[in-house]
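Trainee: Once you've had a glance at the structure underneath, I'll fire off some questions.
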Amino acid sequence: MLRPDTLALTALLALLTAVGPMSVDLYLPSLPEIGRVFGASVPQVQLTLSGYLFCFAVGQIVYGPISDHVGRKPVLLAALALYLAVCFGCAFAASIEMLVALRCLQALGVAAAPVLARAIVRDLYQGVRAGRELARMGSITALAPVVAPSLGGVLQATFGWRASFLAMAVLGLGAIVLVTRLLPETMKQPAKAPISLASIAGSYGTFLRHRSYRIYLAIVAASYGGLFAWISGSSFVLQDLYGLSALLFGLVFAAATLGYGVGTLLAARLVVRLGIDRTIVCGGCALAAGGVAMLAAAAIGATSPLALALPMALYLCGLGLAMPQAMAGALTPFPERAGAASSLLGFLQQTVGSSIGIVVGQTLGASALPLAAIIAAMGSLALALALVKRAMGPS
């Protein structure tokens, strides 16, 4: 079994965190092809994304509280087994409606992974140390959206859209093997209150009444909302409006995502010197600047894909700086209920992302302007919230 404070454990937790995002990024280059194969409209195809994210949110609401009572590892293994089974179903879906339904079920399985990875971090670390660990995980996880769209583009060009879901199945199987053999149980003692809907609701009410939890949660949701707007709309904008092939789209998407890796690497260094709140403010500045720069590029009718990708790289650098620290700040006050606190955080984060994905799907048209406007709004909101939290001081 792996020990705390080792790169191997950090890498394993990063892999678990990456399974959910990779289940989006791998098939992004295939979205236009899925629409053509099934004769589906853009909003219908978008449901495979927004439906996935909505169920990813719903799944997270239950896994954390259950793991506070029975342990992180058994809950994680059961959820990954569900994910693996449904990946094969997605690969052989016969209609867009079936694919949407299976994607929702797939999300319900993989939703356990980020919740329990964050809970394990809180089991082992706290405060700035937890923020640093989440940033280190993020720097490894950042490789996933660099590799996944490019791999998805190759799979799409070579084998067609179904191959991406078979690749997800391989990823799920690998995660199950690694968790079984290497992941220790980190929950120190079960939660004292018996598990019930009432106790879960009571815990969530306690979290939401905590001032710092609320504002850190809002920072996470706003900054992540801009990311999911990009995930939801970039494949259509860059392929249908800017004329990129599936392979070129994957490469441009990956290049933009390098910004997230840079942000997490900076965060792991800065948080030790500046603390959580000042690091989040630095991230908020990059989030707002990237969003506004993209909006300006779209407003003047810039025709190069880089006019969108470069500002998004700056936005994602801000995300890497801000989001892991906000997550650590939210979980720090609740060491004995880390699973439940992580569940609520993930649920609301993903719900915001799902809602924004639906809005993006409905507003995409002959211009990148709606996509850029949403990203700019989310980045600016995240900066405003970061400044408010900084002014509040520790609590």
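The values are calculated or read from the model by the stated rules, or taken from the named source; none is laboratory data. Predicted, not measured: the structure shown is a model, and the values here were computed from it. In this analysis, Cβ positions are derived from the backbone assuming ideal geometry, glycine residues included, and neighbour counts consider all displayed protein chains.
Trainee: With the requirement that a residue be over 23 Å from D277 (Cα atoms) and surrounded by fewer than 21 Cβ atoms within 10 Å (Cβ to Cβ), what does the range 365-386 give you?
Mentor: G365, A366, S367, L369, P370, A373
Trainee: Here's a follow-up. Restricting to the range 239-249, what's the tally of residues that are surrounded by fewer than 22 Cβ atoms within 10 Å (Cβ to Cβ) and either in a helix (DSSP H, G or I) or modelled with pLDDT of 90 or more (or both)?
Mentor: 5
Trainee: Exactly one condition in (1) of a type in the set (A, V, I, L, M, F, W, C); (2) within 24 Å of G275 (Cβ to Cβ); (3) crowded, with 24+ Cβ neighbours inside 10 Å is not met by M392; state its number.
Mentor: (3)
Trainee: Can you spot a residue in the range 321-344 that is out of contact with any helix residue (DSSP H, G or I) (no Cβ under 7 Å at 6 or more places or on another chain) and either without any contact (Cβ under 8 Å) to a residue 24 or more places away in the chain or under 18 Å from T264 (Cα atoms) (or both)?
Mentor: So far as the range 321-344 goes, no, none of its residues is out of contact with any helix residue (DSSP H, G or I) (no Cβ under 7 Å at 6 or more places or on another chain) and either without any contact (Cβ under 8 Å) to a residue 24 or more places away in the chain or under 18 Å from T264 (Cα atoms) (or both).
The rows are residues; the columns are (1) modelled with pLDDT under 90; (2) crowded, with 16+ Cβ neighbours inside 10 Å; (3) not aliphatic (A, V, I, L, M).
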{"position": "Q156", "(1), (2), (3)": "yes, yes, yes"}
{"position": "A163", "(1), (2), (3)": "no, yes, no"}
{"position": "L171", "(1), (2), (3)": "no, yes, no"}
{"position": "R181", "(1), (2), (3)": "no, no, yes"}
{"position": "M187", "(1), (2), (3)": "yes, yes, no"}
{"position": "K192", "(1), (2), (3)": "yes, no, yes"}
{"position": "I195", "(1), (2), (3)": "yes, no, no"}
{"position": "A198", "(1), (2), (3)": "yes, no, no"}
{"position": "I215", "(1), (2), (3)": "no, yes, no"}
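Trainee: Got a number for residues in the range 107-148 being more than 20 Å from C55 (Cβ to Cβ), among the aliphatic types (A, V, I, L, M) and either in contact with a Phe, Trp or Tyr (Cβ under 6 Å, 6 or more places away or on another chain) or not in a helix (DSSP H, G or I) (or both)?
Mentor: 1
Trainee: Suppose we filter A340, A322, A328 for residues that are crowded, with 24+ Cβ neighbours inside 10 Å, touching an Asp or Glu at 6+ places or on another chain (Cβ under 7 Å) and under 18 Å from V121 (Cβ atoms); which single one remains?
Mentor: None of the other options fit; the residue is A340.
Trainee: Being aliphatic (A, V, I, L, M) and either touching a helix residue (DSSP H, G or I) at 6+ places or on another chain (Cβ under 7 Å) or surrounded by 13 or more Cβ atoms within 10 Å (Cβ to Cβ) (or both) is the filter here, so list the residues in the range 200-213 that pass it.
Mentor: Hits for the range 200-213 are I200, L208.
Trainee: Right, here's the next one. Show the residue pairs that are 6+ apart or on different chains and have beta-carbon atoms under 7 Å apart, the first residue being within the range 130-154 and within 21 Å of A326 (Cα to Cα), the second being outside any helix (DSSP H, G or I) and of a type in the set (V, I, T).
Mentor: What qualifies is A130/T332.
Trainee: Hey, another quick one. Of (1) within 20 Å of S343 (Cα to Cα); (2) of a type outside the set (S, T, Y); (3) surrounded by fewer than 23 Cβ atoms within 10 Å (Cβ to Cβ); (4) touching a residue at least 12 places away in the same chain (Cβ under 8 Å), L2 satisfies all except one. Which?
Mentor: For L2, the failing item is (1).
Trainee: So which residues in the range 113-149 are out of contact with any Ser or Thr (no Cβ under 6 Å at 6 or more places or on another chain), farther than 28 Å from C87 by Cβ and crowded, with 21+ Cβ neighbours inside 10 Å?
Mentor: R122, A130, G131, R132, E133 - these are the residues of the range 113-149 that are out of contact with any Ser or Thr (no Cβ under 6 Å at 6 or more places or on another chain), farther than 28 Å from C87 by Cβ and crowded, with 21+ Cβ neighbours inside 10 Å.
Trainee: Return yes when G152 is surrounded by fewer than 24 Cβ atoms within 10 Å (Cβ to Cβ), under 16 Å from S23 (Cβ atoms) and touching a helix residue (DSSP H, G or I) at 6+ places or on another chain (Cβ under 9 Å) and no when it is not.
Mentor: Against the criterion (surrounded by fewer than 24 Cβ atoms within 10 Å (Cβ to Cβ), under 16 Å from S23 (Cβ atoms) and touching a helix residue (DSSP H, G or I) at 6+ places or on another chain (Cβ under 9 Å)), G152 does not qualify.
Trainee: Just to be sure before I move on: is L183 in contact with a helix residue (DSSP H, G or I) (Cβ under 8 Å, 6 or more places away or on another chain), farther than 30 Å from G153 by Cβ and of a type in the set (A, V, I, L, M) in the structure I sent?
Mentor: Yes; evaluated as a whole, the condition is true for this residue.
Trainee: What number goes with the only condition from (1) without any contact (Cβ under 8 Å) to a residue 12 or more places away in the chain; (2) crowded, with 18+ Cβ neighbours inside 10 Å that L7 does not pass?
Mentor: It is condition (2) that L7 fails.
Trainee: Every residue in the range 336-395 that is within 20 Å of Y224 (Cβ to Cβ) and outside any helix (DSSP H, G or I), please.
Mentor: Across the range 336-395, the qualifying residue is only L364.
Trainee: Condition check: more than 21 Å from P324 (Cβ to Cβ), among the charged types (D, E, K, R) and at pLDDT 90 or above. Does R103 satisfy that?
Mentor: Against the criterion (more than 21 Å from P324 (Cβ to Cβ), among the charged types (D, E, K, R) and at pLDDT 90 or above), R103 qualifies.
Trainee: Same structure, new question: Select from the range 53-94 the residues that are in a helix (DSSP H, G or I), surrounded by 17 or more Cβ atoms within 10 Å (Cβ to Cβ) and free of Cβ contacts under 8 Å to residues at least 40 places away in the same chain and list them in ascending order.
Mentor: Listed by number, the residues that qualify are A79, L82, V86, G89.
Trainee: Does the range 294-312 hold any residues that are crowded, with 21+ Cβ neighbours inside 10 Å and either over 15 Å from G233 (Cβ atoms) or of a type outside the set (G, A, S) (or both), and which are they?
Mentor: M294, L295, P305, L308, P311, M312
Trainee: Something else: Which condition from (1) surrounded by 22 or more Cβ atoms within 10 Å (Cβ to Cβ); (2) over 25 Å from Q349 (Cα atoms); (3) at pLDDT 90 or above is the one that A288 breaks?
Mentor: (2)
Trainee: Another one. Give the residue, chosen from G226, G275, that is touching a helix residue (DSSP H, G or I) at 6+ places or on another chain (Cβ under 9 Å), at positive phi and not basic (K, R).
Mentor: So the residue among G226, G275 that is touching a helix residue (DSSP H, G or I) at 6+ places or on another chain (Cβ under 9 Å), at positive phi and not basic (K, R) is G275.
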